[in-house]
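The values are calculated or read from the model by the stated rules, or taken from the named source; none is laboratory data. Worth saying up front: this structure is predicted, and the values here are computed from it rather than measured. Virtual Cβ from ideal backbone geometry, glycine too; neighbours counted across all protein chains shown. For the accessible areas, the whole protein counts, side chains as well, though only heavy atoms, and no ligand, DNA or RNA atoms are used. Shrake-Rupley method; radii C 1.70, N 1.55, O 1.52, S 1.80 Å.
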Amino acid sequence: QVQLVESGGGLVQPGGSLRLSCAASGLLGFTVSNYYMSWYRQAPGKERELVAGISSGIGNTNYADSVKGRCTISRDNVGNTVYLEMNSLKPEDTAAYFCNAVFSTRSGTRRYEYWGQGTQVTVSE
């Protein structure tokens with residue numbers, strides 16, 4: 001089983017920046033480069049939404065429109081860590097942020113998904 005541990009959340013003023021980290025460990029031979037890694041967030045009373053993702057292999061990235069241009073997802077294959085750098089933070093970015101890892105077989109008959117425990121980001125004066 002894969003364990004995902006997020007860190008880096010906290011209180012930041014509007015316009016500020018921070019970097020979230022997702023440290024992956026567990027199965028022997030596991031590497032984040034073999035999984036689709038992503039960050040989700042969920043605010044109270046709202047549905048969980050995808051913020052950013054990075055594909056397995058070469059690592060193509062995608063972002064939600066709400067954060068495009070302000071966030072960067074990156075991957076450290078050696079350290080098995082995924083990062084989310086956020087800039088120009090807004091109060092509406094306030095949410096619990098979760099790390100996610102997904103692996104699917106080529107046939108699609110098997111799918112494995114893992115979630116971290118979450119880290120709180122609060123953007124406020």
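With a 1.4 Å probe and all protein chains left in place, how much of the accessible area of the chain comes from carbon and sulfur atoms, in whole percent? Provide the component values of the computation, followed by the final result.
Working: 3250 of 6810 Å².
About 48 percent, which is the carbon plus sulfur part of the accessible surface.
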>> Looking only at Cβ-Cβ distances, which cysteines of the chain have no other cysteine closer than 4.7 Å?
In response: Cys71
> Near Phe98, within a Cβ-to-Cβ distance under 11 Å, what is the net charge of the other residues, with Lys and Arg +1 and Asp and Glu -1?
Replying inline: 0
> Do you know the relative contact order of the chain, to the nearest whole percent, from alpha carbon pairs under 8 angstrom that are 6+ apart?
Replying inline: 35 percent
>> Counting pairwise Cα distances across segment 1-57, what percent come out greater than 19 angstrom?
In response: 44 percent
> In whole Hz, what ³J(HN,Hα) sequence does segment 38-51 give by Karplus (6.51, -1.76, 1.60; θ = phi - 60°), x for Gly and Pro?
Replying inline: 8, 10, 10, 9, 9, 9, x, x, 10, 6, 5, 10, 6, 9
> Can you give the % of DSSP beta bridges in segment 20-125 that are antiparallel, to the nearest 5?
Replying inline: 100 percent
> Computed over the Cα atoms, what is the radius of gyration of the chain divided by 2.2 N^0.38 Å, N being its residue count?
Replying inline: 1.04
>> Tell me the per residue accessible area of the chain using a 1.4 Å probe; a whole number in Å² is fine.
In response: 54 Å²
> What ranking, highest mean first, results for peptides 46-58, 99-111, 30-42 when packing means the other Cβ atoms within 10 Å averaged over each residue?
Replying inline: 30-42, 46-58, 99-111
> So how long is each side of segment 40-88 along the principal axes, counting just the alpha-carbon atoms, biggest first, in Å?
Replying inline: 37, 19, 16
> Where does segment 69-125 land on Rg(C-alpha)/(2.2 N^0.38 Å)?
Replying inline: 1.45
